[in-house]
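For reference, the structure is listed below as structure tokens.
The values are calculated or read from the model by the stated rules, or taken from the named source; none is laboratory data. Because the structure is predicted, anything quoted here is derived from the model rather than measured. Ideal geometry is used to build each Cβ from the backbone, glycine not excepted, and the neighbour counts take in all protein chains shown.
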Amino acid sequence: MMPELRLSKVPATDTALKLSAVAVLMFAFVFVVMVPLYNVLCDALGINGKTSGQAYTPAAIAIDTSREVTVQFVAINNDDMPWSFAPDARVMRVHPGAANGIVFHAANPTSSSMVAQAIPSISPSRAAAYFHKTECFCFDQQALAGNATADMPLQFIVDQDLPDDIHTITLSYTLFDITGTAQDGLAAL
């Protein structure tokens, strides 16, 4: 039989220390193991297509006029976001290699200033490597005064190397209210 681990002479203190150690280990497991594991599983299973958070600079532009790809735009508000948020068009037909643009419109119906952040996702996820944003409102947080509106541009290029079996790309943005974490229009780190 294994001897019991004793940290102190008071059993309640031993229990509290053991429970604290378990809580710290669980917290570390979530952030050290689960986040990278989640990203690996998403890549392996082809879900949760993430786009780069940086502007793309094309090397050599060659437009493939023999091919068209359908790009669908989806705008979603997080549960606590009261803004209206929508693209100019829900669907766009584009040629790989061509520069394209669309405008998303946002309106803050409240009387208070708010700060929002748009988080993009691309489906199918393997198309994310071929969808390049040259300008995007998602690169920055969006501050909007009460009862104000904003036009938020998106410029993008679908890469000429997009696999031939991908005919439709869905770009989805979820808009989050980050006003509570913002200071002077920017989120606190």
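Just a few scattered comments:
- Enumeration of residues in the range 67-85 that are surrounded by fewer than 16 Cβ atoms within 10 Å (Cβ to Cβ) and among the small types (Gly, Ala, Ser): Ser84
- Test: residue in the range 149-156 that is in contact with an Asp or Glu (Cβ under 6 Å, 6 or more places away or on another chain), at pLDDT 95 or above, surrounded by 15 or more Cβ atoms within 10 Å (Cβ to Cβ) and farther than 13 Å from Phe73 by Cβ: yes
- For Glu4, the conditions (1) acidic (Asp, Glu); (2) in the same structural domain as Gly146 (by TED's automatic domain parsing); (3) at pLDDT below 70 are fulfilled apart from (2).
- Selection count where residues are among the aliphatic types (A, V, I, L, M), at pLDDT 90 or above and under 18 Å from Leu162 (Cα atoms), scope the range 53-88: 2
- Any hit, the range 39-52, residues being of a type in the set (Gly, Ala, Ser), touching a Pro at 6+ places or on another chain (Cβ under 9 Å) and modelled with pLDDT under 95: yes
- Residue among Val22, Val33 that alone is modelled with pLDDT of 65 or more, under 30 Å from Arg126 (Cα atoms) and β-branched (Val, Ile, Thr): Val33
- Selection status of Leu171, at negative phi, touching a Lys or Arg at 6+ places or on another chain (Cβ under 8 Å), crowded, with 18+ Cβ neighbours inside 10 Å and part of a strand (DSSP E or B): no
- Any hit, the range 122-136, residues being over 14 Å from the mean Cα position of the chain (by Cα), modelled with pLDDT under 95 and closer than 11 Å to Pro153 by Cβ: yes
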